[in-house]
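Chemist: One structure coming up, written as structure tokens, with questions to follow.
The values are calculated or read from the model by the stated rules, or taken from the named source; none is laboratory data. It should be emphasised that the depicted structure is a prediction, and the values quoted were computed from it without experimental measurement. Glycine also receives a Cβ, built like all others from the backbone with ideal geometry; neighbour counts cover every protein chain displayed. For accessibility, only protein heavy atoms count, side chains too; no ligands or nucleic acids. Shrake-Rupley method; radii C 1.70, N 1.55, O 1.52, S 1.80 Å.
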Amino acid sequence: MKHESFREFAKQYAELAHSPAQEQKRRLWRDLNSLKFSRPAIYVRKIPYWEFFDYSAVKSEDRLLRGIERMFAESVIYRQKLIDDYIFEPWISVRAVLNIDEKDRWGVPCALGEKTAQFGAAAFDPPIKNEEDLARIKPAKFEIDEKATAERIEKVKDALGPDMDGVLDVVCSRVGVFCEQWHRDISTDIAKLRGLEQIMWDVYDRPEWFHRFVTIMRDTVLEDIDKTEKAGSFRAFNSDNQAMAYGGGLPDPVPQNKVRGPSDLWVFMASQEFTGIGPELYDEFMLQYQKPIMERFGLSAYGCCEDMNTKIPLLKKIKNMRRIAITPFSDVRKCAELIGPDYVASYRPKPTDMIAGGLDEDLVSKIIRRDYQILKEFNCPFDITLKDVETIAAKPQNMIRWVEIVRKIGEEVFGAA
């Protein structure tokens, strides 16, 4: 039967998504992001499925359907075994088709080049090499291909079948390309356009020119937000805080909820490319350009993998800041003291210590107990997020066990929820 495996996995995923445990997790995240702390939420953000997962049961050949079926299979066969606080949502989000080539969103190639193998580095050739190249930038306009978008949505609905109507909703994300996570922060794209090392020189060698560069990017993002808002294209599920985007007084990120615009949504931003640039120059050349973008939204979350030690005092000046990352490259005590009880700390231990080199339970327990005590000392509401895990040595049971250890230590330090 056509789509048989897709529908079977969808049915199992729907049962998981409608289980009472999901509402318990929603309450936990709502409270945490509203600064009502009971225990640290646990979120495994990155799972290296390619090391251990058997995709032979996934039968869809269409690229869109195969991606969705893979998510179903990963969730029901493995992810639910983690027993973390990740929420399985009862809907499928399909991206609207934009009338642009995403890699050419700035009018010039904006990518890290083509990889010659499945894994490894790409050959990077930044398109903005000379100052006069700035004139080549012609940002893509906000324009949706409605016919192609409708066909994508219908394809997914057809694969699900009529039995899934009202059980797994198919929703469409219609935001502009510069409203998306790694495009709106400016920092990611400017390094792709100019080169990571080069921007470190530019802030010293040609500051006025660099300000013009970042001004163009900021204004492009703001214009895209304006056009998306004017088109009524923001949806509640477009909330993004690099965790579970519940709480903080904003509408839950579910399809049924209406939003006025970005002021009802979370926004996530980062500046990993500026981690080697001092706080004064980071503030001048990046944060001051990110600030008006963040403040268009209801609440902001900040920080991915960069060193946050010197950034937090600057981030606290953003009027709608709510979540701040304590990354593997940051000093936990220093960050916890700066964050205190007024923001949610997204605590992210080093995956190399936690699981990437094998699971050393004594080491994990020592680090997590130490850092939990520090966060408790400074009254930080926080979650623990395991991210950027590139390997678990093909031992999926280790990740399941890691969650068990972390949860047990949380109960010991903060009490059972």
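Chemist: Residue under question is Tyr302, and the condition is that it be buried (at least 21 other Cβ atoms within 10 Å of the Cβ), of a type outside the set (A, V, I, L, M, F, W, C) and over 18 Å from the mean Cα position of the chain (by Cα); does it hold?
Modeler: no
Chemist: Only residues that are of a type in the set (D, E, K, R) and either open to solvent by 70 Å² or more (accessible area, probe 1.4 Å) or closer than 20 Å to Ile153 by Cα (or both): list them for the stretch 62-76, please.
Modeler: Narrowing the stretch 62-76 to residues of a type in the set (D, E, K, R): 62-63, 66, 69-70, 74.
Residues satisfying the conditions are Asp62, Arg63, Arg66, Glu69, Arg70.
Chemist: Among the candidates Asn241, Asn257, single out the residue that is under 30 Å from Phe382 (Cβ atoms) and crowded, with 18+ Cβ neighbours inside 10 Å. Explain how you work it out, then say what you get.
Modeler: Numbers: Asn257 fails: crowded, with 18+ Cβ neighbours inside 10 Å.
Of the residues listed, the single one that is under 30 Å from Phe382 (Cβ atoms) and crowded, with 18+ Cβ neighbours inside 10 Å is Asn241.
Chemist: Note down all Cβ pairs under 7 Å where the first residue falls in the stretch 261-284 and is under 14 Å from Ser330 (Cβ atoms), the second is of a type outside the set (A, V, I, L, M) and open to solvent by 40 Å² or more (accessible area, probe 1.4 Å), and they're at least six residues apart or on different chains.
Modeler: Thr275/Asp307; Pro279/Thr310
Chemist: Report, by residue number, each residue of the stretch 24-41 that is aliphatic (A, V, I, L, M) and not in a loop (DSSP other than H, G, I, E, B).
Modeler: Selection gives Leu28, Leu32, Ala41.
Chemist: Run down Ile87, Ile92 and say which single residue is of a type in the set (A, V, I, L, M, F, W, C) and out of contact with any strand residue (DSSP E or B) (no Cβ under 6 Å at 6 or more places or on another chain).
Modeler: Working: Ile92 fails: out of contact with any strand residue (DSSP E or B) (no Cβ under 6 Å at 6 or more places or on another chain).
When all the criteria are applied, what remains is Ile87.
Chemist: Related question: Kindly evaluate Ala117 against the criterion of being open to solvent by 50 Å² or more (accessible area, probe 1.4 Å), among the hydrophobic types (A, V, I, L, M, F, W, C) and in a loop (DSSP other than H, G, I, E, B).
Modeler: Taking the combined requirement at face value, the residue satisfies it.
Chemist: Inside the stretch 148-167, can you point out the residues that are assigned to a helix (DSSP H, G or I), open to solvent by 20 Å² or more (accessible area, probe 1.4 Å) and among the aliphatic types (A, V, I, L, M)?
Modeler: Residues satisfying the conditions are Ala148, Ala150, Ile153, Met164.
Chemist: Please state which of the following conditions Met286 fails to meet, knowing it meets all the rest: (1) more than 18 Å from Leu386 (Cβ to Cβ); (2) open to solvent by 10 Å² or more (accessible area, probe 1.4 Å).
Modeler: Here Met286 clears every test but (2).
Chemist: Here is a further query. What's the number of the condition Asp331 fails, among (1) more than 24 Å from the chain's Cα centre (by Cα); (2) at pLDDT 95 or above; (3) open to solvent by 10 Å² or more (accessible area, probe 1.4 Å)?
Modeler: Evaluating Asp331 over (1) more than 24 Å from the chain's Cα centre (by Cα); (2) at pLDDT 95 or above; (3) open to solvent by 10 Å² or more (accessible area, probe 1.4 Å) leaves (1) as the failure.
Chemist: Which pairs do you get when a residue that is among the acidic types (Asp, Glu) and at pLDDT below 95, found in the stretch 377-398, comes within reach of a residue that is in a helix (DSSP H, G or I) and open to solvent by 60 Å² or more (accessible area, probe 1.4 Å), reach meaning Cβ atoms under 6 angstrom, with the pair 6+ apart or on two chains?
Modeler: none
One line per residue, one yes/no per condition, for (1) within 23 Å of Trp402 (Cα to Cα); (2) assigned to a helix (DSSP H, G or I):
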residue: Ala10; (1), (2): no, yes
residue: Tyr13; (1), (2): no, yes
residue: Gln22; (1), (2): yes, yes
residue: Lys46; (1), (2): yes, no
residue: Trp50; (1), (2): yes, yes
residue: Ser56; (1), (2): no, yes
residue: Leu65; (1), (2): no, yes
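Chemist: Which residues, taken from the stretch 77-104, are touching a Pro at 6+ places or on another chain (Cβ under 7 Å) and either open to solvent by less than 70 Å² (accessible area, probe 1.4 Å) or part of a loop (DSSP other than H, G, I, E, B) (or both)?
Modeler: Tyr78, Trp91 - these are the residues of the stretch 77-104 that are touching a Pro at 6+ places or on another chain (Cβ under 7 Å) and either open to solvent by less than 70 Å² (accessible area, probe 1.4 Å) or part of a loop (DSSP other than H, G, I, E, B) (or both).
Chemist: Any idea which of (1) free of Cβ contacts under 8 Å to residues at least 24 places away in the same chain; (2) buried (at least 16 other Cβ atoms within 10 Å of the Cβ); (3) among the acidic types (Asp, Glu) is the one Asp54 doesn't satisfy?
Modeler: The one condition Asp54 does not meet is (2).
Chemist: Yes or no: Ile400 in a helix (DSSP H, G or I), touching a helix residue (DSSP H, G or I) at 6+ places or on another chain (Cβ under 9 Å) and more than 14 Å from Ala41 (Cα to Cα)?
Modeler: So Ile400 passes the test.
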